[in-house]
Structure formats: structure tokens, C-alpha cells
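K.L.:
Quick one: the structure is below, and I'll ask about it shortly.
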Amino acid sequence: MDVRSISTHCARTEFVGTTVLDTIGLVISGIDPQLLKEMNIGTRYHALGLLSSRTGAAGQITAVDDAVKATSTEVLSIDLPRDTKGWGGHGNYIVLGGDDVSDVRQAIEIALERTAKYAGELYISQSGHLEFAYSASAGAALTKAFGAVPGQAFGFMAGSPAAIGLVMADIAVKSASVQIIRYMTPSIGTSHSNEVILALSGDAAAVKDAVLEARQAGLELLIGMGSYPDIPGTPYL
Amino acid sequence: MDVRSISTHCARTEFVGTTVLDTIGLVISGIDPQLLKEMNIGTRYHALGLLSSRTGAAGQITAVDDAVKATSTEVLSIDLPRDTKGWGGHGNYIVLGGDDVSDVRQAIEIALERTAKYAGELYISQSGHLEFAYSASAGAALTKAFGAVPGQAFGFMAGSPAAIGLVMADIAVKSASVQIIRYMTPSIGTSHSNEVILALSGDAAAVKDAVLEARQAGLELLIGMGSYPDIPGTPYL
Amino acid sequence: MDVRSISTHCARTEFVGTTVLDTIGLVISGIDPQLLKEMNIGTRYHALGLLSSRTGAAGQITAVDDAVKATSTEVLSIDLPRDTKGWGGHGNYIVLGGDDVSDVRQAIEIALERTAKYAGELYISQSGHLEFAYSASAGAALTKAFGAVPGQAFGFMAGSPAAIGLVMADIAVKSASVQIIRYMTPSIGTSHSNEVILALSGDAAAVKDAVLEARQAGLELLIGMGSYPDIPGTPYL
């Protein structure tokens, strides 16, 4: 096996593309039935779309949320591995299904493109990281992953080391009239990541305010640990 | 969002300080009641103190043990995320409560100061790591985290790769008349860390001897893997 | 404690050796009975052999499989910590038992030697990793770890980011008449690693073909993420 004989320009039919955060998008046009049964995602769809990253969770899930809204596809599973390439958080592994492979491929193309956008609210320093997400109208992926209320505004914040996440959560719920829809810690709901995570629902302006106030506080605390974060995109909130 | 507009000298009221091992200490003077309910730590205390690190567990828990003894505060929760910034162990996320925010702040100040001391028994090489802790008289944090017997001597050892931890554990229990109070492996009790961990109780001299003999053996094995460990403090045992 | 006073040439009786992937091999000639009870591995054997690595799972388990076949020893436990030294997979921690310490030591020597060989099917790039294993006749370790059928051919593949693992799995089961014996994802069966893992049983030629086709596809996708993998050995399949 000489790996250098393989091109970095992948020509396989499964390959859709890659983007930031070690994210790859793939399609399987007709999944093997024996394997599909093991996957525990139902047996309706044989055309599957896959989005999978070493780093990031809320951003990619929000990207898939957009993708599913825009195509005839359905979210079948969302896994949050303990990864982030040496940092304290999650990666992601998301499986979509569709009746038509071209729908699935289009969904993954959209998800890759939006992942690049939503990576703008990920802040990674030498000490820890912060992640934020916001959607004016939650769809199927945000509902499946975080119990978002379909059609309502959705806000998300994660902070690592975990204590920063709790301070952000406290500031967020105090800042505006919002409902907590998911609360996660190293022991509750995460894959033992070093994060406190809060997901919010409510009125769009209130949810966005809550996320922005949490972001300001979280950045002040993270930067107070002594180094400035890198941002793998452009902040969009 | 221009992150460079934020100072590394954090002026937020929640900020207490930072120390080695990407540790941050924070206080929340009056936690939001909706969030407090989600936290599953009881509702008695509204002033919370937070200690949270990317790396280390026993050292910080021993530091909090000292802090709680010295102040009118109580340990409410101890989480062990799978972290260590790319290494095979845990970080920590500890929540304290108190009736008075100044007590809580003082507890976190003590915990930060003692974390710097106890980090002297953490040894991190290119291949793995070792962590040791000892307390002549275990308090509430060590009891909550490892089932220590209050008022008795407490000893702790963790080794990674895990097999080194088992050899240390064997040497420790053979070396002196001590009781095993907690045994942890990648599958049992840890957050899937690559460690065998042993916590001991017993007579002070016996427990200390057991930890010191384990440390000697563990260092010989870890260094036998080919590189010398860094120590993020000064050995104190 | 001056760590520089300790030699990198370990002379302890427990030390057997080290090899690639931060792997250490150790023996305990007579484990402490109090500790043995905690280990939950039965009480028959007091001579224990330990193999433990920061990185790799199937390779080391296949190495132990060979070692147990060649000696009078038994596999007592196999743990898969979430490690890989910052990458998205597992390390391993394997405990063997034997009536005679020389048998156990010999088993660990064989396991170390074979680990170096089997590390040739581990491919680690800047974006993710792939691991493959194959045995013409599965023994006790592969049976214990992955439900292999004793005496039948065994094939293994893991891909990270996880989506690459699913595409490899699909190609493998389509390529030949093989049975799925284990299917693992970040949420199922792993320690929250960022992998999809498939273990196969069946006719030797079919299983080997399935692994080789999966390897080709997996390498094309991993390299399509933009960088070539390092291989900590020489590919042997």
C-alpha cells in the first residue's frame, strides 16, 4: 500500500466535499440492507447523506437544520463523539436520508457550505473554547439534537472549561425571557466533554439577546485565561 | 465581534482568578432559579463558586477539600470530564455553594492557590502521565469524589497508560496496611480515561508510604517509556 | 523528587518492554488479593500480564490474540479508553492471566512484537485516522473484544471522522459474502470515539477482500480531506 499513489482530489462517487473543522460530506446511494439494519435509523431510506467533523456540534447541526429545510431529506441520527482534536468538546456525525440520492447530495452540499458560515461562532484559545448558534426558526435537526421547539427561535451556547459555560448560561437566562430546553454538563447529556451547554427557545429577539450577552461574558472570561481565541470563520451574530 | 477589543485582564465580577492546568475560578452571586433547578445540586444555595480545569482531578479536588474546610461553604457537585488537553486523563468541574458570596469567593481563592501547590504531584511525559494526592485528614470534597473516610488519611494515584496505574496500585496496597476505597479503570468509574486510579484510606503514615512507593514505581515505568515528565509545579510529597 | 535521577532503561521486574503507539508491556507476578477482587476479572490467576497503549485497539487486540494462542495464558479483560493522544479514537488496556509468570511474560513479549507489526495498518492524517485488522483464525482476544467466531476469519475496520467508517463498512459488506459481527459508532459500543467501526466474520478470502476494499475507499476519502497519513509501521495486508 503506497498511500502517495492516491490523489488528494477525491474522485469517489461518495465524496461530496470538505470544509473547515475537519468536516467531510459524503453520500451512499444505496446502503447495504444488512448494514442498514445495524444502524438503527429505520429502513425507509436507502440513500444516505453523511456530515462528520472532528470539531464542532451546534454549528454543523444548525447547518444540517438549514439543509433539511431546503431539500426533501430527513435527519436520521446525530452523534456527538468526544473529539475536537485535542480540545475539550465534541465533534459530530450526522446521517440524513432521502428517497433520491440527488436530494441527499444537495442537502450535504448545503450543510458543508453552512458549516463554513456557522464556524464563525466558534472561538478556540489555548485554554478552552466557546461555541454559539442561533436560528430564527428551528427545524428538524435542532429539534432532534436539542429538543428545540419547531418554528421557534433557537439559541445555543457551550463553554469550556465547563465553568465558563455555566456563567454564560446564567447570564443568558437572566438577560431575557427565554426557556431552557437543554442543559448539559460533563456528566449529563454530553460525551463527557469539558463543557456546560445551554440551549434556549423563545421569542427571536430575546433568544438572540441571550446568546449575545452570553457570548460577551464568555469571551471576557476565556480571554481572561490569558490568550486570544482563533475563530475558524467570520462571526455572524 | 472583535475579540482583540477585550482585555486579558478580566474585570467581570464573576472572575476570581486562574492558575496552572488551564484552571479558572469563578463565582455567581445569585444563580438564576430556572437554571439552578436544572443543575440538580439542590436549591439551598444561590451563591455558587466554580473551579474548572482542562487538566487534573485529584489535585484540584484536594485543593477544594482544603477550601471547604477553611470556609463556610459546601461541595455541591464534582464532574470529571474526559479532557487533559490531548492527554489520557480527566479535567474537572467543581461547584461549591455558600450562604454568602464572600465565603464562596474566599473558598475559590483558596482552591486556586492550593491547585498550584497540588499540581506539583502531576507528571506528564510524551507517553503518559501520573497523578498523586495525599491528605492527612479527608474532608467533604474527597469524600464526595472518592468515598474517602472523613477525618482519615487519604491517598490517590492515577497512571496512564492504564497498565502503569495497575502496577502502582498493586505496589501501594502491598506496601502498607491500607484500605482501597475506590478503584477506577477506563470502563469503571472514569469518563473512559486511559488510567487506572486507586484511592486509599487508613493510617496517615501507611497511606503516605503507599503513595510514595507507588510514585517511585510509576515514575520508573513512565520514564522507561522513553521520556522525562514535565511537572506543572513542585513535588510536595 | 528529582525525576532525572531515574533511568530511561527501566530495571523493574514488572517491566517487559515498550513499542510503537505509546505501548507498554508489564507483568505482575503475584497480584495483591484485595486489589484482584476489585478488578472483577475472577480470582483464578495471580500472575497477570498487561498491555496498554495510548493509541490503537484492533492491532493490539490482534497481537494479544496471537500471544494467547502461543502461550498458556487467558485474556481476562479488554478496555478501550477514549484516547489516541489527541486523535478521535481509542487506546487499549488489556489484562492477561496465567498460572506461571514466565508464560505471562512470554505472552506480553509476543504481544509487543506483534503490535509493532499490526501498527502497519494504522493510518493517521491531520484530519482523521483509519485502522484495519485481519486474522485468518480468530482466537480468544478477538472473540472477547468483538464477538469474533473462534477459528473463523476476522476482519476489522475503523474510520474517523466517523462518516468515513460508515462508507468503508458499506463497501466491505457489499464486496463479499461476510457477516457483520460488531457495529460501533460514537454512541454505540465505543467510548464516544469519533469512529464508525465494523467487525466481520466469514470465509478467509472474503473477509480479507472486504477489508482491502474498505481500506482502498477509506484511504481515498481520508486523503481527499487534504493530507497524507503517517503509518506507524509497514502495511501488512
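K.L.:
Just to check I understand the Karplus step: with θ = phi - 60° and J = 6.51 cos²θ - 1.76 cosθ + 1.60, what whole-Hz values come out for segment C:86-95, glycine and proline as x?
P.N.:
x, 8, x, x, 10, x, 8, 8, 10, 10
K.L.:
Every other copy gets compared here: list the nm distances from the B:P33 label point (7 Å along Cα to Cβ) to its counterparts, shortest first, one decimal.
P.N.:
Reported distances to equivalent positions: 5.8, 5.8 nm.
K.L.:
Hey, how many Å between the Cα centroid of segment B:1-49 and the Cα centroid of segment B:78-97?
P.N.:
16
K.L.:
Using a 7 Å offset from Cα along the direction of the beta-carbon, what are the separations from A:S72 to the same position in each other copy, nm, ascending?
P.N.:
6.9, 6.9
K.L.:
Give, in whole angstrom and from largest to smallest, the semi-axes √(5λ) of the equivalent ellipsoid of segment A:1-140, with λ running over the eigenvalues of the Cα gyration tensor. Walk me through the intermediate numbers first.
P.N.:
On the way: eigenvalues 119, 80, 41 Å².
For segment A:1-140, the ellipsoid semi-axes come out as 24, 20, 14 Å.
K.L.:
Would you mind giving the mean number of other chain beta-carbons within 10 Å of the Cβ of each residue in A:192-200, as a whole number? Please report the intermediate quantities before stating the final value.
P.N.:
Numbers: counts 14, 6, 17, 3, 6, 0, 2, 0, 0.
That average works out to 5.
K.L.:
Sticking with this structure for a sec: Obtain the nm distance between the two label points defined at B:D100 and B:A205 by a simple spin-label model: each point lies 7 Å from its Cα along the Cα-to-C-beta direction.
P.N.:
About 4.1 nm separates the two model spin labels.
K.L.:
Same structure, new question: Please work out which residue of chain A brings its Cβ closest to the axis of the rotation superposing A onto B, and round that distance to whole Å.
P.N.:
Looking at chain A's Cβ atoms against the axis toward B, the nearest is A:G86, 2.
K.L.:
Sequence gap at least 6, Cα distance under 8 Å: using those rules, report the relative contact order of segment A:140-196 to the nearest whole percent. It would help to have the intermediate numbers written out before the result.
P.N.:
Working: 55 pairs, mean separation 19.6, N = 57.
Value for segment A:140-196: 34 percent.
K.L.:
Using only alpha-carbon positions, what ratio does the radius of gyration of segment A:195-236 give when scaled by 2.2 N^0.38 Å? Let's see the in-between values first.
P.N.:
Numbers: Rg = 12.2 Å, N = 42, 2.2 N^0.38 = 9.1 Å.
My calculation over the Cα atoms of segment A:195-236 gives 1.35.
K.L.:
Within segment A:96-130, which residues have the backbone N less than 14 Å from the label spot 7 Å out from A:R44 along Cα→beta-carbon, could you tell me?
P.N.:
The answer is A:96-100.
K.L.:
Can you check what the net charge comes to around A:A153, using other residues whose Cβ is under 10 Å from the Cβ of A:A153 (Lys, Arg +1; Asp, Glu -1)?
P.N.:
Details: positive: A:K208; negative: A:D203.
Net charge around A:A153: 0.
K.L.:
Over segment C:11-125, what is the mean sequence separation of C-alpha contacts under 8 Å (at least six apart), divided by residue count, expressed as relative contact order in percent?
P.N.:
Numbers: 248 pairs, mean separation 37.1, N = 115.
So the answer I get is 32 percent.
K.L.:
Using mean Cβ contacts within 10 Å as the protection proxy, how do B:211-219, A:68-76, A:189-197 order, highest first?
P.N.:
Working: B:211-219: 22.7, A:68-76: 20.1, A:189-197: 27.8.
My ranking of the peptides, most packed first, is A:189-197, B:211-219, A:68-76.
K.L.:
Quick one: dipole size for segment B:123-224, taken about the Cα centre, charges +1 on Lys/Arg Cβ and -1 on Asp/Glu Cβ, in debye to the nearest 20. Working shown, then result.
P.N.:
Values: 5 positive and 7 negative charges, 43 e Å.
For segment B:123-224, the charge dipole is close to 200 debye.
K.L.:
Where Rh denotes the Kirkwood radius from the mean inverse Cα pair distance, what is Rg over Rh for segment C:66-221?
P.N.:
Values: Rg = 15.4 Å, Rh = 15.9 Å.
Rg divided by Rh gives 0.97.
K.L.:
Report the net charge of residues surrounding A:D65, where surrounding means a beta-carbon distance below 14 angstrom and charges are Lys +1, Arg +1, Asp -1, Glu -1.
P.N.:
On the way: positive: A:K69, A:R114, A:K117, A:K144; negative: A:D66, A:E74, A:E113.
Result for the local shell: +1.
K.L.:
Any idea how far the Cα center of segment C:102-157 sits from the one of segment B:115-151, in Å?
P.N.:
So the two Cα centres are separated by 35 Å.
K.L.:
As a footprinting exposure proxy, order B:D203, B:D2, A:D22, A:D83 by other Cβ within 10 Å, with the fewest listed first. Spell out each step's value before the answer.
P.N.:
Values: B:D203 14, B:D2 6, A:D22 25, A:D83 35.
With the fewest neighbours first, B:D203, B:D2, A:D22, A:D83 line up as B:D2, B:D203, A:D22, A:D83.
K.L.:
Could you work out [θ]222 nm for chain B from helices alone, using -39500 (n - 2.57) per DSSP H run of at least four and dividing by all its residues? Round to the nearest 500 deg cm²/dmol. Write down the numbers at each step before the final one.
P.N.:
Values: 6 runs with 79 residues, N = 237.
Only helices count here, giving -10500 deg cm²/dmol.
K.L.:
What are the label-to-label distances in nm, one decimal and shortest first, from B:Y236 to the same spot in the other copies, with labels 7 Å along Cα to Cβ?
P.N.:
In ascending order, 4.8, 4.8 nm.
K.L.:
Can you find, among A:N40, A:Y93, A:G189, the residue farthest towards the positive end of the dipole of chain A? Put +1 on the C-beta of Lys and Arg, -1 on that of Asp and Glu.
P.N.:
Farthest towards the positive pole: A:G189.
K.L.:
Would you mind classifying segment A:161-237 by shape? Square roots of the alpha carbon gyration tensor eigenvalues, ordered a ≥ b ≥ c; an a/c under 1.5 is rounded, otherwise it is prolate if a/b is larger than b/c and oblate if not. Mind showing how you got there, number by number?
P.N.:
Working: a/c = 1.73, a/b = 1.14, b/c = 1.52.
Since a/c reaches 1.5 but b/c is at least a/b, the shape of segment A:161-237 is classed as oblate.
K.L.:
Ranking request for peptides A:100-106, C:170-176, A:116-122: highest mean number of other beta-carbon atoms within 10 Å first, then the rest in descending order.
P.N.:
Values: A:100-106: 19.0, C:170-176: 21.1, A:116-122: 22.7.
Per-residue mean Cβ counts within 10 Å order the peptides as A:116-122, C:170-176, A:100-106.
K.L.:
Given H placed on each backbone N at 1.01 Å, which residues far from A:H129 in sequence or on other chains put an amide H within less than 5 Å of it?
P.N.:
A:S160
K.L.:
For B:H90, enumerate residues with amide H under 5 Å from its amide H, sequence gap 5+ or separate chain, H modeled in the peptide plane.
P.N.:
Correct list: B:G56, B:D83.
K.L.:
Something else: State, as an integer percentage, the relative contact order of chain B based on alpha-carbon contacts under 8 Å between residues 6 or more apart.
P.N.:
Values: 596 pairs, mean separation 44.8, N = 237.
Rounded, it is 19 percent for chain B.
K.L.:
Right, another one. Given all pairs of different Cα atoms, what value in angstroms does the Kirkwood hydrodynamic radius of the protein assembly as shown take?
P.N.:
Numbers: mean 1/r = 0.0387 Å⁻¹.
Value: 25.8 Å, from the Cα pair sum.
K.L.:
Taking the Cα centre as origin and putting +1 on Lys and Arg beta-carbons and -1 on Asp and Glu beta-carbons, what dipole magnitude results for chain A, to the nearest 20 debye? Intermediate results must be reported in sequence, preceding the final value.
P.N.:
On the way: 16 positive and 24 negative charges, 32 e Å.
Result for chain A is approximately 160 debye, rounded to the nearest 20.
K.L.:
With a sphere of radius 12 Å drawn around the Cβ of A:G120, what net charge do the other residues whose Cβ falls strictly inside it have (Lys, Arg +1; Asp, Glu -1)? Please list the in-between numbers first.
P.N.:
Values: positive: A:R114, A:K117, A:R215; negative: A:E121, A:E131, A:D230.
Once positives and negatives cancel, what remains is 0.
K.L.:
Turning to a different aspect of this structure: Largest first and in whole Å, give the semi-axes of segment A:112-189's equivalent ellipsoid, each being the square root of 5 times a Cα gyration tensor eigenvalue. Walk me through the numbers before you get to the answer.
P.N.:
On the way: eigenvalues 82, 60, 29 Å².
Over the Cα atoms of segment A:112-189, the semi-axes work out to 20, 17, 12 Å.
K.L.:
Within 10 Å of each Cβ of A:94-102, how many other protein chain Cβ atoms are there on average?
P.N.:
Details: counts 2, 4, 0, 0, 0, 0, 0, 0, 0.
The shielding value for this peptide is 1.
Every number in this text was worked out from the coordinates using simple rules, so none of it is lab data. This is a predicted model, so every value here is computed, not measured. Because the Cβ atoms are built from the backbone with ideal geometry, glycine has one as well, and the counts that use them run over all protein chains shown.
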